[in-house]
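The values are calculated or read from the model by the stated rules, or taken from the named source; none is laboratory data. Keep in mind the model is a prediction, meaning the values are calculated, not measured. Cβ placement follows ideal geometry from the backbone for every residue including glycine, while neighbour counts extend to all protein chains displayed.
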Amino acid sequence: MSIEKEISVDEISILQLSDSFFPTGMYATSSGLEALFYSKKIKDVNELRDLIKVYVENQIGPTDCTALGNSYEYAKRADLKRLIEADQTIFSMKLIQEIRETSTRSGTQLLRCMSYFITDNELLNKYQEAIKNRQASGVYPVALAVASSTLNIPKRKAGLMMIYAFSVSIVGAALRLGMLQHFDGQKIIHELKPNILETVNNNIDRPLMSMWQFAPGIDIVQIAHERMASKMFIT
Amino acid sequence: MSSKRIPRIGIGGPVGSGKTMLIEQIVPILSDRGYRAGIISNDVVSREDADRMRRNLASERGLMSEDLVIGLATGGCPHTAVREDPSMNISVVEEMELKHNDLDMIIIESGGDNITTTFSPALADYFIYIIDVSGGDKYPRKRGLGIESCDLLVMNKIDLAQYVGADLSIMERDAQAVRENKPYVLVNCRTGQGVKEVTEHIIRDFLFESPPKAVAKNRV
């Protein structure tokens, strides 16, 4: 009973926002993995795990995770001006059009769903107003930062949620493409846990202007996927 | 995020049942009556349907601008894209509403089997489910969310009934019974037979006989 009493509503909010049942549309993305599948570039489960590490450590971690960390601090201080700056900066760092659009659509829908059950948070409402007025895009890491701050989810846990959900989305895409079996998927997620943790620790507290990314091979794959005529996933 | 919601029709049905061809048939009829439509096509593995509709309805016939036909990938989960998590569809619909607020309707097409396919009311205001007779005359009797809950059931490819041993009278009888007399239409999308009746249902039951926006604007 004492353990149960220590569990707060905020922790249940972590479960709610990280649940794949929460509607953000991310199940429809593969981050370009589908192009690698058709070109038969991934030979086995270990190669897939190593690829996800590159995604996490060289693309999403030093960009989205840092954007989330800074946006979270701005949200806590109700600093809308800085929040919009962070939104515009991370939006401009997403090189692939379809990834920019998807991140924006997911973020916008996350906020809309949130404001269906949280109606009195001033910053949440003002940020949505800024998106409506086209001052901000509603890109996902910034939207998740606002949502996490609103629900009192700690910053580091918000970062873990985002990187974990991203990793799971690629494993899910691989599963639906038939690249692995369901137990393999869980094994990969288990093996990625230290990398997810390290990525969050390395990036969540860095300044916004120190964001970087270097995964040119993945950039090229994502460009190729975006242009595929026949595909099951959004890039 | 949009200032005014444009009425939305969801058209669902199994792969190959004739969803795309139904849209290609009803859009010109609605256009003749002055109604302008935008189309979002949720494809399972390709953009082929969206590309075809864009070519047929926009590029060749000039019934709409090319940016009014949008193909959307669903990660292999078309049911999810229109029911459990319609986030991407709603975003695209709202972008269309912002850019083209003069549209009379937005048509959202999605593949999906008979058992689970329905549209979230947050996404679509009116739901057409289409099946084809080559699945057998047992199809309506076997029920399923799509057949039972749709606003209009369309049974396509009636010309094939004689070749697959499907009895259309049984399909009609069972459709009436399981749908408790909600409307259904027998069509042949290849020849256009029955399609006008589908558009009449849309104008009467979905648009409530509202005149096209362009006509209403001119009256003012």
Any residue in the stretch A:71-95 that's touching a residue at least 24 places away in the same chain (Cβ under 8 Å): show its pairings with residues that are of a type in the set (A, V, I, L, M) and not in a helix (DSSP H, G or I) at Cβ separation under 6 Å, as long as the two are six or more apart or on different chains. A:ILE84/A:ALA136; A:ASP87/A:ALA136; A:ASP87/A:VAL139; A:ILE90/A:VAL139; A:PHE91/A:VAL139
Out of (1) part of a helix (DSSP H, G or I); (2) modelled with pLDDT under 95, the odd one out for A:SER106 is which? (2)
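In the set A:LEU48, A:LEU68, A:LEU33, A:LEU15, which member is closer than 27 Å to A:THR104 by Cβ, surrounded by fewer than 24 Cβ atoms within 10 Å (Cβ to Cβ) and of a type in the set (A, V, I, L, M)?
A:LEU15
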Count of the stretch B:76-119 residues which are away from every other protein chain (no Cβ under 11 Å) and assigned to a loop (DSSP other than H, G, I, E, B): 13
Output yes when any residue across the stretch A:183-199 is within 23 Å of A:ILE99 (Cα to Cα) and within 14 Å of chain B (Cβ to nearest Cβ), and no when none is. no
Find the residue count for the stretch A:109-153, including only residues that are within 14 Å of chain B (Cβ to nearest Cβ), without any contact (Cβ under 8 Å) to a residue 24 or more places away in the chain and in a helix (DSSP H, G or I). 8
Just need a number here: residues in the stretch A:6-46 that are of a type in the set (Val, Ile, Thr), away from chain B (no Cβ under 11 Å) and either in contact with a Phe, Trp or Tyr (Cβ under 7 Å, 6 or more places away or on another chain) or in a loop (DSSP other than H, G, I, E, B) (or both). 2
Select from the stretch A:82-125 the residues that are over 15 Å from the mean Cα position of the chain (by Cα) and of a type in the set (Phe, Trp, Tyr) and write down the one among them that is surrounded by the fewest Cβ atoms within 10 Å (Cβ to Cβ). A:PHE117
Hey, B:ALA50 within 14 Å of chain A (Cβ to nearest Cβ), in a helix (DSSP H, G or I), under 16 Å from the mean Cα position of the chain (by Cα) and farther than 30 Å from B:ASP32 by Cβ or not: no
Any residue in the stretch B:200-220 that is more than 19 Å from B:PRO28 (Cβ to Cβ) sitting within a Cβ distance under 7 Å of a residue that is part of a loop (DSSP other than H, G, I, E, B) and of a type in the set (D, E, K, R)? List the pairs, counting only those 6 or more apart or interchain. B:ASP205/B:ASP151
So which of A:ASN195, A:ASN152 is closer than 19 Å to A:GLU73 by Cβ, surrounded by fewer than 21 Cβ atoms within 10 Å (Cβ to Cβ) and polar (S, T, N, Q)? A:ASN152
For the stretch B:15-27, what are the residues that are crowded, with 17+ Cβ neighbours inside 10 Å and part of a loop (DSSP other than H, G, I, E, B)? B:SER17, B:GLY18
Out of the stretch B:28-47, which residues are among the small types (Gly, Ala, Ser), away from every other protein chain (no Cβ under 13 Å) and surrounded by fewer than 17 Cβ atoms within 10 Å (Cβ to Cβ)? B:GLY34
Of the residues B:ALA122, B:ALA166, B:ALA161, which is part of a helix (DSSP H, G or I) and over 13 Å from the mean Cα position of the chain (by Cα)? B:ALA161
